[in-house]
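Asks: The structure under discussion is supplied below as structure tokens; questions concerning it will follow.
The values are calculated or read from the model by the stated rules, or taken from the named source; none is laboratory data. Remember, it's a predicted structure, so these values are computed and weren't measured experimentally. All Cβ positions, even for glycine, are placed from backbone atoms using ideal geometry, and neighbour counts span all protein chains on display.
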Amino acid sequence: MRIRLRRRRFCQLAIVSTVATALGNCAFSQMTSTQSTKATAQTSRGDINDVSFRINGKQYNLKLEPRVTLLDALRENIGLTGTKKGCNHGACGACTVIVDGRRVNSCLTLAVMNVGKEITTVEGLAKGDQLHPVQTAFIKHDGFQCGYCTPGQIMSAVALLKEGHTGSDTEIQEWMSGNICRCGAYPNIVAAIKDVAQGGGNASV
């Protein structure tokens, strides 16, 4: 048996159905928004950790969330802005620091993972007014142009010299390949590293 609806009745039912659906979606959206707000509030309060670092020979005690990267801790919490934030994906090397003698992209490691380790940034290379040999060589050979990548290049070069990867231009280029210079100062960077290597050598941090 067919049920015939008059046009007016049909329109009334359609309107009621549309309003009910809209109210349901609104209630769901509000509920989701409330849950999201609560989650954000919990995250913002977070688990704040007491962390301690030894950076450039100095002790730092901080309160940090677990998600803070070493790069952000250095720049935002300690004020060591020599370490640069480039790609923030570990591809350019501008954020390179030395942790327990090894090169590390500080944007890819969490600060809490480096508690108790010895960290060296570009600010820790010079001894007073006396520049590190690698810094001197970069100036001598004009190993930088815009300078943004230079701190990371220098930190990587210091570690590379200690590792002993200076047998040839090709070897230096290979072991410095994680540090990008968009200005294209690569030949000068290689020349600076060779100069230090031939002048007595394995620069230490």
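Asks: I'd like the full set of residues that are among the β-branched types (Val, Ile, Thr) and in contact with a Lys or Arg (Cβ under 7 Å, 6 or more places away or on another chain), limited to the range 55-87.
Replies: Thr81, Thr83
Asks: Look through Leu110, Leu131 and report the one residue that is assigned by TED's automatic domain parsing to the domain that holds Glu65, at negative phi and surrounded by fewer than 23 Cβ atoms within 10 Å (Cβ to Cβ).
Replies: Of the residues listed, the single one that is assigned by TED's automatic domain parsing to the domain that holds Glu65, at negative phi and surrounded by fewer than 23 Cβ atoms within 10 Å (Cβ to Cβ) is Leu110.
Rundown of residues vs (1) exposed (fewer than 14 other Cβ atoms within 10 Å of the Cβ); (2) basic (Lys, Arg); (3) in the same structural domain as Ile154 (by TED's automatic domain parsing); (4) more than 10 Å from the chain's Cα centre (by Cα), yes/no style:
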position: Arg54; (1), (2), (3), (4): no, yes, no, yes
position: Tyr60; (1), (2), (3), (4): no, no, no, yes
position: Glu65; (1), (2), (3), (4): no, no, no, yes
position: Val68; (1), (2), (3), (4): no, no, no, no
position: Leu80; (1), (2), (3), (4): no, no, no, yes
position: Lys84; (1), (2), (3), (4): no, yes, no, no
position: Asn88; (1), (2), (3), (4): no, no, no, no
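For (1) farther than 25 Å from Ile48 by Cα; (2) under 23 Å from the mean Cα position of the chain (by Cα); (3) not hydroxyl-bearing (Ser, Thr, Tyr), each residue gets a yes or a no:
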{"residue": "Asn114", "(1), (2), (3)": "no, yes, yes"}
{"residue": "Thr120", "(1), (2), (3)": "no, yes, no"}
{"residue": "Glu123", "(1), (2), (3)": "yes, yes, yes"}
{"residue": "Lys127", "(1), (2), (3)": "yes, no, yes"}
{"residue": "His132", "(1), (2), (3)": "yes, no, yes"}
{"residue": "Gln135", "(1), (2), (3)": "yes, yes, yes"}
